[in-house]
């Protein structure tokens, strides 16, 4: 079968070949000594995976394009107010707060107290956004998901489980 998948080939001092998708492009990283026909054969074997993941990325882009500036402004306002509210209650202040597209989570908190909020929350209910902010703020005090952490979340938002569930829909 002839290879019809366009890809960018990166040769490197590595033992195994692998494929990843970045910005809608198929990137193949291969050992320096691997023959072109072996690379094409590998791509053909992985074609189902490649097409599936290219499609996933297209869908992701569609969702991101649907988020309008009005929704982002609303998200920024809710995040700002929630940060202020929980900074006073928890007696902690994040170093930086960013809103951006992250693929792996609704929010994150680094050891340096930097909070990142996923812009896809712009499509969610205000209370759900507030829950994510509280969750990340609690990580400033507890950098884990221990009982202590969840007790802290529950102390300031007793109905948090309802909003956590709403993130999945």
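The values are calculated or read from the model by the stated rules, or taken from the named source; none is laboratory data. Model, not experiment: these values are computed from the prediction. FYI the Cβ positions are ideal-geometry reconstructions off the backbone, even for glycines, and counts take in every protein chain you see.
I'm trying to understand the selection: among the residues of the stretch 137-160, which are within 15 Å of residue 109 (Cβ to Cβ) and assigned to a loop (DSSP other than H, G, I, E, B)?
The answer is 142, 143, 144, 145, 146.
I want to confirm something. Restricting to the stretch 1-49 and keeping residues that are under 23 Å from residue 103 (Cβ atoms) and in contact with a helix residue (DSSP H, G or I) (Cβ under 7 Å, 6 or more places away or on another chain), which single residue is modelled with the lowest pLDDT?
24
Any idea which residue in the stretch 32-45 is farthest from residue 60 (Cα to Cα), counting only those that are touching a strand residue (DSSP E or B) at 6+ places or on another chain (Cβ under 7 Å) and surrounded by 13 or more Cβ atoms within 10 Å (Cβ to Cβ)?
Restricting to residues being touching a strand residue (DSSP E or B) at 6+ places or on another chain (Cβ under 7 Å) and surrounded by 13 or more Cβ atoms within 10 Å (Cβ to Cβ), the top hit is 39.
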